[in-house]
Amino acid sequence: MKDYKELWNSFFMDTYGQLDIAIEKGEGSYLYDVNGKEYIDFTSGIGVSSLGYGNKKLIEAITEQLHKVFHVSNIFYNTSTIEAGQKLIQRSGMKRVFYSNSGAEANEGAIKLARKYSFEKYGEGRGTIITLKQSFHGRTLAALTATGQEKFHNYFFPFPQGFKYVEASNFEALVNELDGTVCGIMMEAIQGEGGVHPLQKEFVKQVAELCKEKDILLMFDEVQCGVGRTGKFFGFNHFDVMPDIVTLAKGLGGGLPIGAILAGEKVEHTFKKGDHGSTFGGNPVALTASAVVLDEVCSEGFLEEIEKKGQLLMEAIKGLNSPKIKEVRGKGLMIGIEIEGESKLAQEKALSNGLLILTAGQNVVRLLPPLTISEEEIKKGVELLVQCI
Ligand SMILES: Cc1ncc(COP(=O)(O)O)c(C=O)c1O
């Protein structure tokens with residue numbers, strides 16, 4: 001396509017700061033632009049294309065489902081939906097699931113779930129959700145308000161009420177904010193958009209204890225770090241805690257739009273008929289894709305491989321000994337590199353070198369390669385990366 005930039009700018013809303021590339025196709029861990037140029041992909045569509053591009057099992061399963069049926073309303077049962085949901089319940093250890101279409105929508109539902117649990121047990125006035133500073137929970141109004149970054153809280157007034165923010169991994173600050181109005185504490189095990197910051201284990205364990213003691217719901221937003229991304233099925237598995245509510249999206253569908261709210265024992269019966277819904281939620285094609293992803297991610301040795309590949313990637317970056325690199329952090333295949341210069345410039349340079357990377361703020365380069373990336377591709381990518389930082 002010749003004038004793709006001009007065309008886009010002529011009718012799309014101006015919400016995204018795009019890179020100068022029009023992608024035509026993908027294969028494995030590579031993407032190809034309209035001119036046939038090849039790129040190693042360290043982005044996987046921001047953690048979505050977890051099995052890379054052109055995955056045969058995924059394509060076959062989706063195609064088969066497309067031929068059967070690709071949408072039925074939730075007023076009917078559907079066999080593929082039941083099968084996929086059962087897999088998620090079995091693999092997650094949670095009690096119940098509600099499917100949405102995106103991460104923000106899952107978080108909206110999770111907030112409703114926490115508030116209803118509290119309302120039924122304690123009555124009105126106990127609807128506050130505590131979230132962490134530097135968090136990111138989505139773009140819809142409540143999810144945006146839950147997002148603990150001032151820069152997002154503009155223009156769209158009035159924002160919904162009932163949110164408080166505390167510094168990540170600062171238990172004392174959290175205790176100071178506790179009052180009788182709090183019904184839930186929501187956090188990302190690794191803050192992704194906020195700069196790839198893993199929470200401290202001790203902090204998470206303390207919060208989990210506190211939640212149990214005060215009957216506050218422990219909520220994990222696993223939209224970015226869930227479904228194997230960090231080398232464990234959930235990001236919070238690194239901290240040996242069990243939440244009451246978990247949200248998923250991104251990698252769960254392997255590239256198809258999906259979101260999920262998972263409920264633990266406390267809240268498994270909180271939503272009753274009519275309390276929540278979504279026309280597209282639980283789409284059979286998206287759920288069929290999620291079943292393939294779950295089978296792959298939970299197949300023997302897959303998570304261990306992610307851990308191993310993550311270590312390789314981390315060590316290769318650290319081994320560069322570049323004075324431009326201030327810190328490398330993250331877990332599994334979710335890695336942040338804090339650099340001296342502007343991450344945006346590094347991203348543009350990487351692009352011209354044939355490597356796709358993400359940013360997470362001004363000075364952090366974020367890497368979220370497909371979970372299926374090979375060690376060789378990792379090494380090749382790092383060689384290209386060094387030239388950009
Ligand atoms: C942790 C987290 N929560 C929620 C969201 C929002 O997800 P979506 O863009 O699918 O609404 C994101 C997106 O980046 C995210 O990283």
Quick one: would you say Phe171 is open to solvent by 10 Å² or more (accessible area, probe 1.4 Å), under 25 Å from Ile258 (Cβ atoms) and among the aromatic types (Phe, Trp, Tyr)? no
Of all residues in segment 96-118 being more than 16 Å from the ligand (Cβ to nearest atom) and not in a helix (DSSP H, G or I), the one that is nearest to Thr81 (Cα to Cα): Val97
Within segment 56-112, the residues that are closer than 30 Å to Gly127 by Cβ and either among the basic types (Lys, Arg) or not assigned by TED's automatic domain parsing to the domain that holds Leu256 (or both) are Lys95, Arg96, Lys112
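Counting only residues that are under 19 Å from the mean Cα position of the chain (by Cα) and among the small types (Gly, Ala, Ser), give me the strands (runs of 3 or more DSSP E) lying completely in segment 248-356 with at least 3 of them. Break it down into steps so the answer makes sense when it comes.
Values: elements: 259-263, 325-331, 334-339.
Where strands (runs of 3 or more DSSP E) fall fully within segment 248-356 and carry at least 3 residues being under 19 Å from the mean Cα position of the chain (by Cα) and among the small types (Gly, Ala, Ser), they are 259-263.
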Which members of segment 119-159 meet the condition of being on the phi < 0 side of the Ramachandran plot, among the small types (Gly, Ala, Ser), assigned to a loop (DSSP other than H, G, I, E, B) and more than 16 Å from the chain's Cα centre (by Cα)? Gly127
Tell me, please, whether a residue that is part of a helix (DSSP H, G or I), open to solvent by 10 Å² or more (accessible area, probe 1.4 Å) and under 28 Å from Gly301 (Cα atoms) can be found in segment 363-376. yes
Note down all Cβ pairs under 8 Å where the first residue falls in segment 138-158 and is not assigned by TED's automatic domain parsing to the domain that holds Asp221 and at pLDDT 95 or above, the second is more than 12 Å from the ligand (Cβ to nearest atom) and of a type outside the set (Lys, Arg), and they're at least six residues apart or on different chains. none
Which one of the conditions (1) under 29 Å from Gly281 (Cα atoms); (2) surrounded by 11 or more Cβ atoms within 10 Å (Cβ to Cβ); (3) more than 16 Å from the ligand (Cβ to nearest atom); (4) touching a residue at least 40 places away in the same chain (Cβ under 8 Å) does Leu19 fail to meet, given that it meets all the rest? (1)
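The values are calculated or read from the model by the stated rules, or taken from the named source; none is laboratory data. Note that the structure is predicted; figures quoted are calculated from it, not measured. Every residue, glycine as well, gets a Cβ built from its backbone with ideal geometry; the counts of neighbours run over all protein chains shown. Ligands, DNA and RNA are stripped out before the accessible areas are found, and what is left, the full protein with its side chains, is counted by its heavy atoms. Shrake-Rupley method; radii C 1.70, N 1.55, O 1.52, S 1.80 Å.
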